[in-house]
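Here's the structure, in structure tokens; my notes come after.
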Amino acid sequence: MSESERTPPSAPPAPDLSEKGTRDGGRTSLDRRLFLKFTAFGGCHDAGGAARALEESGVTGALYLDANDPRGIGIVAASEDPDHFVTGFRDLLGAPPFDRMEHKAELDMLGRTYSIGYESDLEHVLFERPISRIADPALRWAIWYPLRRAKSFARLSADDQRRILAEHGTLGHRYGAAGLALDVRLACHGLDKNDNDFIIGLLGAELFPLSSIVQSMRGTEQTSRYLESLGPFFVGRAVWQGRGRTAAS
């Protein structure tokens with residue numbers, strides 16, 4: 001028996017699943033992230049009662065009145081521990097008043113915060129920023145939607161991807177710097193029943209700028225050439241926002 005036959009093959013290195021950032025010229029990492037779940041209902045006759053149930057349960061998130069359904073609501077909830085969505089949060093939505101409502105499965109969204117690699121404060125980017133935006137009473141209007149990129153985008157060179165994303169991001173920064181719209185960006189690879197890649201929450205004091213940014217994004221190279229689908233869209237105004245107990249693991 002040869003030496004190679006007697007020596008067992010070494011195990012491949014484990015993948016590094018941590019989020020990456022940059023600080024003081026060096027690399028940083030954090031193996032934590034926030035999960036967010038969006039759920040919508042119709043047939044809600046007491047949005048105040050739904051808000052009280054969320055508040056009493058310690059949910060971190062927001063409750064929106066659906067602009068396209070006079071009895072519709074949308075709920076976004078945050079937790080570092082995804083088990084929360086199949087335990088406490090699942091139990092909450094299966095109890096009054098939610099058990100008497102009509103679940104809109106087509107608007108279900110589940111995503112996770114992520115880093116791009118250049119962020120200097122990963123705790124802020126992955127936790128504090130999305131929670132502060134969702135819970136900010138000044139950001140009362142919201143549009144939430146999923147998107148799916150064309151698979152050809154993944155085959156572009158890294159330089160081409162950066163250029164395309166920079167054009168898209170610069171437009172978003174213009175709206176943010178003007179105080180017109182802020183976003184919450186989530187990855188949902190493998191978490192979405194329709195094979196979407198990302199979930200976007202656009203948040204602002206007024207509705208029109210949120211519609212305007214979606215319109216303006218149509219002209220970017222990413223949207224016009226490398227997106228396969230957008231939506232469905234949920235449009236709503238917050239009637240409850242809270243920083244409860246559920247965000248921490």
>> Just to check I understand the Karplus step: with θ = phi - 60° and J = 6.51 cos²θ - 1.76 cosθ + 1.60, what whole-Hz values come out for the range 17-32, glycine and proline as x?
In response: 9, 6, 7, 10, x, 9, 8, 6, x, x, 8, 10, 8, 8, 8, 8
> Can you give the calculated 222 nm mean residue ellipticity of the chain, where each DSSP H run of n ≥ 4 adds -39,500 (n - 2.57) and the sum is split over every residue, rounded to the nearest 500 deg cm²/dmol?
Replying inline: -7000 deg cm²/dmol
> Can you count the Lys pairs in the chain with C-alpha separation below 18 Å, eight or more apart or on different chains?
Replying inline: 4
> What distance in nm separates the simple spin-label points at H189 and E221, each placed 7 Å from Cα in the Cβ direction?
Replying inline: 2.2 nm
>> Which of rounded, prolate or oblate describes the range 175-227 when judged by the alpha-carbon gyration tensor and an a/c cut-off of 1.5?
In response: oblate
>> Taking a virtual spin label 7 Å from the Cα of E123 along the C-beta vector, which residues in the range 72-115 bring their backbone nitrogen under 19 Å of it?
In response: 79-81, 113-115
> What figure in square angstrom, to the nearest 10, would you give for the accessible area of Y175 with a 1.4 Å probe?
Replying inline: 30 Å²
> Where does the range 54-166 land on Rg/Rh, using Cα atoms and the Kirkwood Rh?
Replying inline: 1.02
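Over the chain, with every protein chain in place, what whole percent of the accessible area is carbon and sulfur at 1.4 Å, could you tell me?
Carbon with sulfur: 52 percent of the solvent-accessible area.
In the chain, what is the volume of the convex hull around the alpha carbon atoms, normalised per residue and reported in Å³?
About 176 Å³ per residue, rounded to a whole number.
Among 18-28, 201-211, how do they line up by average Cβ neighbours within 10 Å per residue, starting with the highest? Intermediate values should be presented prior to the final figure.
On the way: 18-28: 12.9, 201-211: 19.3.
Ranked from most to least packed, the peptides come out as 201-211, 18-28.
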>> Solvent-accessible area of D31, probe 1.4 Å, all protein chains present, reported in Å² to the nearest ten, please.
In response: 100 Å²
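The values are calculated or read from the model by the stated rules, or taken from the named source; none is laboratory data. Please read these numbers as outputs of a predicted model, since none were measured by experiment. Backbone-built Cβ (ideal geometry, glycine too); neighbour counts: all protein chains shown. Accessible surface areas use protein heavy atoms only, side chains included; no ligands, DNA or RNA. Shrake-Rupley method; radii C 1.70, N 1.55, O 1.52, S 1.80 Å.
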